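Colleague: Take this structure first; my questions come after.
Coordinate-derived values only; no laboratory data. On a predicted model such as this, the values are computed, not experimentally measured, just so you know. Heads up, the Cβs are rebuilt from the backbone with ideal geometry, glycines too, and the neighbour counts pull from every protein chain shown.
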């Protein structure tokens with residue numbers, strides 16, 4: 001049956017449809033001819049293209065801009081990164097408490113000043129100190145008098161001038177007076193009395209050193225000044241100064257539970273301050289037996305030499321601990337690791353046809369400029385090291 005008998009469209013509409021079909025056929029033919037002409041040209045400068053499997057292919061010239069790294073099993077020592085805070089070396093720092101009560105009359109040092117052991121820090125108008133001086137003066141005088149009487153009774157006893165009982169009592173009284181004198185001396189010395197004052201009292205001289213002075217218990221730097229002139233001090237309770245030897249400090253590093261097994265006492269550490277040109281070296285000296293209830297981390301104490309005093313108390317630092325325990329795993333350069341739109345790590349893997357494909361990996365600990373890959377790669381795999389960013393840039397264009 002003739003189909004034209006059932007075509008109810010007007011003649012003009014049928015002509016238009018035929019003309020459009022001819023135009024489409026002509027355009028398709030021209031496109032095929034142009035593609036065929038381009039495919040016949042050899043050009044090394046063409047842009048990278050995606051292969052049939054969706055991988056990225058590079059030209060010979062573009063391959064010169066990348067470096068391929070062969071993954072292999074390797075021995076390494078794990079590096080643990082942590083944050084830390086600087087603290088005084090508590091074995092070389094002390095809080096200076098007021099040894100006596102009374103108001104502060106004068107401060108003699110400033111914060112940051114270097115002091116030696118026994119050097120004056122502040123003067124105090126102290127009744128306690130005055131009482132201790134008076135007690136020692138009386139004890140010295142009493143001991144001298146009773147000792148003189150005991151010696152006199154000893155001579156009289158030899159000539160039967162006194163009874164032996166009286167002589168013995170005189171000796172006992174002299175011994176007790178000597179003991180009281182020694183106790184008064186120790187009480188005065190415990191109040192940081194000037195040694196010259198003690199000598200003057202023993203010699204019976206009036207001393208110009210009879211002042212209540214708070215002194216440095218150790219040599220170091222005045223790290224804190226906690227009192228002001230006129231402030232009333234309470235003996236044994238009021239903190240006045242903090243003196244610390246800042247040539248060595250403690251860095252309290254917070255170690256996560258996942259890294260705790262890799263940290264041992266004696267491991268070396270590098271402390272990055274942001275103010276020093278090079279990291280400062282230290283050693284892990286102690287690992288806490290408790291977990292911080294706020295951070296759920298364990299504190300590892302790192303002893304750090306601080307000769308230039310760049311590290312200050314409560315300064316935040318970055319700590320990199322080098323484990324002494326050997327480990328093994330697949331190591332790849334850090335520069336090979338990229339992140340996708342979901343912030344997941346991946347590398348560019350070299351396929352059998354020399355094209356490049358993304359492959360997601362999991363990241364383990366970092367050691368130097370390399371990172372451990374627990375899964376995603378196998379020994380012998382080839383990945384892009386230098387130039388991985390170039391591949392990512394070409395792929396997203």
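Colleague: Of the residues 151, 342, 119, which exhibits the maximal mean-square fluctuation in a Gaussian network model of the chain defined by a 10 Å Cα contact cut-off?
Modeller: Its mean-square fluctuation being the largest, the pick is 342.
Colleague: I want to make sure I understand the PRE zone here: with the label point 7 angstrom from the Cα of residue 285 toward its beta carbon, which residues in region 83-102 have backbone N atoms less than 11 Å away?
Modeller: Of the residues in region 83-102, 87-93 have backbone N under 11 Å from the label point off residue 285.
Colleague: Follow-up. In percent, how large is the relative contact order of region 99-243, given Cα pairs closer than 8 Å and 6 or more residues apart?
Modeller: 42 percent
Colleague: If you take all C-alpha pairs in the chain, what percent of them are over 39 Å apart?
Modeller: 59 percent
Colleague: Restricting to Cα pairs below 8 Å that are 6+ residues apart, what does the relative contact order work out to for the chain? Please round to a whole percent.
Modeller: 24 percent
Colleague: Among 367, 206, 237, which one shows the highest mean-square fluctuation when the chain is modelled as a Gaussian network with alpha-carbon springs under 10 Å?
Modeller: 206
Colleague: Based solely on its DSSP helices, what 222 nm [θ] is calculated for the chain when runs of n ≥ 4 H residues each add -39,500 (n - 2.57) and the sum is averaged over all residues, nearest 500 deg cm²/dmol?
Modeller: -9500 deg cm²/dmol
Colleague: Same structure, new question: Between 0 and 90 degrees, rounded to the nearest ten: what's the tilt of helix 164-190 against the longest Cα principal axis of the chain?
Modeller: 30 degrees
Colleague: What percentage of all Cα-Cα pairs in region 337-397 are separated by more than 14 Å?
Modeller: For region 337-397, the share of Cα pairs beyond 14 Å comes to 58 percent.
Colleague: Let me ask something else about it. Report D for region 177-328 in µm² per second (integer): Stokes-Einstein, Kirkwood Rh on Cα pairs, 10 °C, 1.306 mPa s. Walk me through the numbers before you get to the answer.
Modeller: Values: Rh = 19.8 Å.
Value of D from the Cα-based Kirkwood radius: 80 µm²/s.
Colleague: Please give the helix 127-158 orientation as an angle from the longest Cα principal axis of the chain, in degrees from 0 to 90, rounded to the nearest 10.
Modeller: Around 40 degrees separate the two axes.
Colleague: Could you check how many percent of all C-alpha pairs in region 207-257 are farther apart than 19 Å?
Modeller: 50 percent
Colleague: Still on this model: Quick one: 332, 71, fewest Cβ neighbours within 10 Å first, how do they rank?
Modeller: 71, 332
Colleague: For region 250-295, go through all pairs of different Cα atoms, get the mean of 1/r, take its inverse, and jot down that Kirkwood value in Å.
Modeller: Result for region 250-295 stands at 12.1 Å.
Colleague: Here is a follow-up. Compute the Rg/Rh shape ratio of region 99-243: radius of gyration over Kirkwood radius, all on alpha-carbon atoms.
Modeller: 1.19
Colleague: Still on this structure, I have one more. Only Cα pairs within less than 10 Å get springs; with that Gaussian network setup on the chain, which residue of 163, 328, 247 has the largest fluctuation?
Modeller: Comparing 163, 328, 247 in a Gaussian network model of the chain, the most mobile one is 163.
Colleague: Starting from the Cα-Cα distance between residue 231 and residue 268, subtract it from 0.36 nm times their residue separation and give me the gain in nm to one decimal.
Modeller: 8.7 nm
Colleague: Suppose we take every Cα in region 157-258 and form the convex hull; what volume per residue is that in Å³? Don't skip to the end; give the middle numbers.
Modeller: Numbers: hull volume 27.4 nm³, N = 102.
Convex hull volume per residue, Cα atoms: 269 Å³.
Colleague: Output the 0 to 90 degree angle, nearest 10, between the alpha-carbon long axis of helix 11-39 and the longest principal axis computed from the alpha carbons of the chain.
Modeller: It works out to around 60 degrees.
Colleague: List the relative contact order of region 236-340 as a percent without decimals, with contacts defined as Cα pairs under 8 Å and 6+ residues apart.
Modeller: Computed value for region 236-340: 33 percent relative contact order.
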